[in-house]
């Protein structure tokens, strides 16, 4: 028996062998790829765009930097990064080929083609040499990784000294009544939207459940520090519905 089949992890609220989670996640995003960007706008009322802009504000991309955007999907973060930097290079890595294919269809991808690479790969085993990138980002993706700590360790490995980690992820609201109201919306509305817009209720049920299974801000901050990052801190967005975590490889 493979060691990853002996150990278990969560897939939403299901318990599954570790070795099966990546394929299940790939199945979710293969299913929703063609409607992923539209669903993001509908689910968040467009607020995800504000969160991503806030990420860029804190990141402050500089000309000539090399970005690795993991779980980069359809390229949202890479496009923003390159626009802010003015010049540079972005590598978009995702476990799901279908998501990358959707990204390549976007007008920005054609306009920025000389500055973009699209790579199918695993966040826990990045196909890059040590000390390769200036910036590592992952947005709404690390909660889908089988072992998030290993992804953070890999982020540290591939960043150059002086490199920056930035993680944007759904998180926990510090006010219990607000969290309860948000949960009611998430569990009752988002899967129904998934059925109507993407014809896929189950995938969006998983995505909602995966948010609730992800560590809170302080717990995740300790994981960032455990990977070796210094000056690590976080900022809440929209009262903690999402959070940005930042760290430096010094």
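FYI, it's all coordinate maths here, none of it is from the lab. No experiment lies behind these values; they were computed from the predicted model shown. Heads up, the Cβs are rebuilt from the backbone with ideal geometry, glycines too, and the neighbour counts pull from every protein chain shown.
A few comments on the model shown:
- By DSSP, the beta bridges lying fully in the range 1-95 are antiparallel in about 40 percent of cases.
- Ordering of 212-220, 241-249 by packing [mean C-beta count within 10 Å, highest first]: 241-249, 212-220
- Projected-area mean, the range 16-105, by convex hull of Cα positions, square nanometres: 6.6 nm²
- Largest-first principal axis extents, alpha carbons of the range 124-195, Å: 44, 29, 18
- Hull shadow area, averaged, the range 135-240 [alpha-carbon convex hull, nm²]: 7.3 nm²
- If R0 equals 25 Å, the separation of the Cβ atoms of residue 238 and residue 120 corresponds to a calculated FRET efficiency of about 0.20.
- Quotient of Cα Rg and 2.2 N^0.38 Å for the range 166-219, N being how many residues it contains: 1.23
- The range 85-179 has equivalent-ellipsoid semi-axes of 25, 19, 15 Å, by the square roots of 5 times the alpha carbon gyration tensor eigenvalues, sorted largest first.
- With the highest mean first, a sort of the peptides 24-30, 64-70, 108-114 on other beta-carbon atoms found within 10 angstrom per residue produces 64-70, 24-30, 108-114.
- Rg/Rg_ref, the chain, where Rg_ref = 2.2 N^0.38 Å and atoms are Cα: 0.96
- Summarising the strand pairing of the range 70-200, around 5 percent of its internal DSSP beta bridges are antiparallel.
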